[in-house]
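Quick notes on the structure that follows.
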Amino acid sequence: MPPPADRQLARDIYQQLIEIRSGYTTGATTPVAEAMAARLKNAGFPESDIYVGGAVPAKQNLVVRYRGSGARKPILLLAHTDVVEARREDWSTDPFQLVERDGYFYGRGTSDDKAQAAVWVANLIRYKREGLKPDRDIIVALTADEEGGGPYNGVNWLLKNKRELIDAEFCLNEGGWGEAADGKKIDNAVQLSEKYVVNFRLEVHNKGGHSSVPVADNAIYHLAGALERLSRFGFPLKLNAATRAYFAEMAKIETGPHREDLKRTAQGSTAAMERIARLSPAWNSMLRTTCVATQLEGGHAMNALPQLAAANVNCRVLPDDSADYVRSTLERILADNQVSVRIVGEVVRGPASPPNPALMKTIARVTDTLWPGVPVLPIMLMAATDGLYLRAAGIPTYGVQGFFMDRDDVRAHGRDERMAVASFYEGQTFLYELVKKLATTGE
Ligand SMILES: [Zn+2]
């Protein structure tokens, strides 16, 4: 546990971040950037080392530099400050209040991604107070619009407009966390690669007509039938380097009846993969590209036959699968030539980060000191992060947090998002020790 004053500081920052409404579509990230800039100035960081800026006035980013000797290239510590929308009526607590209850912090962004943002800032202020003399600059970037990306994405914008501010040997980001099950810590995951996102718009157009004279050729029915076929489809199960290592490691950790299937999954047995995929939605997502309908629209009047029916299908694609492959597969499965399928927006597909044995060793050492016996596990993330832009721009990015979360109770993006109070403070210590080692010992 961090010293009480540093715990309090991290908690205060966390609360401030949660209570600023930075919803991806309805909120602003600028108040977050400004509030953190003010705290850093108060803590003695010179104005010249603090940058606030971004694509538009409401979507600013913060970049702060803790100066080291310059012997080695900087490291970048990244967290995004926007959150997925949350409505009061959907939650048991107010999503934009930090509520501490039954050993958990509740609030939108408590896990994704304001815990890491709060800890980066609190730890940087602590290093300053303690007079840490790193041999490289430590850069913290708190950025806009990770959720859904788009034109105001802070990482993309900084890479294009202010690359010198965030250029680094490597970056630590969200995307890896501690996995727990039944209250037991299983592994501390480090994310090396990730699935990428492709959204498809499905559309059916029809001439419509008066609803008193219905015909079989109906836009909504065409779309509904296609989506029903999609709901019963699963992409092929397959492995890559990160997931093979993950399942091999899980087979060593698992003591229950699934141990043999985990082992055989790592060896590529399709039958075992099928059973493992059925056991857990998370394992299913690791083993295949997934596509799911997320939004619907259609019709223009209660008493008219629909002229348009449309859906968004959100696909999380394995790094080895191409967007064209996914599109042609969808067209085959939807099996209705009235349903058009087109890619929405820009597709960003980044490489896996190269293995970094020195970094992995340091992560393993800090992990083992805090949680003896808990292994460090390389993973491919099912979701997408801003690491994608950095990897594509040549800055290897590793997802590591040390916040432990129940693997069967993932609430990021959902209702009553939460973080165990103990996990928050343990993660604070973990990241404090990890960054200190990475910035002072040459490892
Ligand atoms: Zn996130």
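The values are calculated or read from the model by the stated rules, or taken from the named source; none is laboratory data. Remember, it's a predicted structure, so these values are computed and weren't measured experimentally. Cβ: placed from backbone, ideal geometry, glycine included. Neighbour counts: every protein chain shown. Calculation scope for accessible area: heavy atoms of the full protein, side chains included, ligands and nucleic acids excluded. Shrake-Rupley method; radii C 1.70, N 1.55, O 1.52, S 1.80 Å.
Ranking A86, Y14, Y24 by Cα position along the charge dipole of the chain, where only Lys, Arg, Asp and Glu carry charges on their C-beta atoms, puts Y14 farthest toward the positive end.
Over all orientations, segment 130-195 has a Cα convex hull whose mean projected area works out to 7.6 square nanometres.
List the equivalent ellipsoid semi-axes of segment 182-303 in whole Å, largest first, each obtained as the square root of 5λ for an eigenvalue λ of the Cα gyration tensor.
After diagonalising the Cα gyration tensor, the semi-axes are 43, 14, 13 Å.
Which percent of the accessible area of segment 174-281 is formed by carbon and sulfur heavy atoms (probe 1.4 angstrom)?
55
Spatially, segment 292-368 and segment 151-170 are offset by 25 Å when compared through their Cα centroids.
With the convex hull drawn over the C-alpha atoms of the chain, the volume per residue is 152 Å³. Peptides 98-104, 187-193, 426-432, 51-57 ranked from most to least packed give 187-193, 426-432, 51-57, 98-104, packing being the mean of other C-beta atoms within 10 angstrom over each peptide's residues. Helix-only arithmetic for the chain: the sum of -39500 (n - 2.57) across DSSP H runs with n ≥ 4, divided by the residue total, places the mean residue ellipticity at 222 nm at -11000 deg cm²/dmol. For the chain, the longest principal axis of the Cα atoms and the long axis of helix 270-279 meet at an angle of about 80 degrees. Between segment 379-443 and segment 36-99, how many Å separate their Cα centres? A separation of 15 Å, based on Cα centres. Round to the nearest 0.05 the FRET efficiency obtained for A383 and D336 when R0 = 25 Å and r is the Cβ-Cβ distance. So the FRET efficiency works out to roughly 0.25. Near L62, once Lys and Arg are set to +1 and Asp and Glu to -1 for all other residues with Cβ below 15 Å from its Cβ, the sum equals -2. Stretching the chain fully between E34 and A241 yields a gain of 70.4 nm (0.36 nm per residue, less the alpha carbon separation). Here segment 3-102 is treated as an ellipsoid with the same Cα gyration tensor; its semi-axes, largest first and in whole Å, are 28, 19, 12. Remark: segment 216-227, residue by residue, has Karplus-estimated 3J(HN,Hα) of 5, 7, 10, 4, 5, 5, 4, 5, 4, x, 5, 5 Hz, where x stands for each Gly or Pro and the curve is 6.51 cos²θ - 1.76 cosθ + 1.60 at θ = phi - 60°.
Largest first, the three principal axis extents of the alpha carbons in segment 323-440 are 59, 36, 23 Å in whole numbers. Cysteines in the chain that lack a partner Cβ within the 4.7 Å cut-off: C171. Each residue of segment 143-149 was assigned a 3J(HN,Hα) from its phi angle through the Karplus curve 6.51 cos²θ - 1.76 cosθ + 1.60 (θ = phi - 60°); the sequence is 10, 8, 6, 6, 6, x, x Hz, with glycine and proline shown as x. If I fit a long axis through the Cα atoms of helix 241-253 and take the longest principal axis of the Cα atoms of the chain, what angle between them do I get, 0 to 90°, rounded to 10? With rounding to tens, the tilt is 70 degrees. Whole-Hz Karplus values for segment 150-161 come out as x, x, 9, 4, x, 5, 4, 5, 5, 4, 7, 10 Hz, taken residue by residue from phi with 6.51 cos²θ - 1.76 cosθ + 1.60 and θ = phi - 60°; glycine and proline positions read x. With q set to 0.12, 0.19, 0.22, 0.24 Å⁻¹, the log10 of I(q)/I(0) for segment 237-301, from the Debye formula over equal scatterers at the Cα positions, is -0.35, -0.66, -0.84, -0.97.
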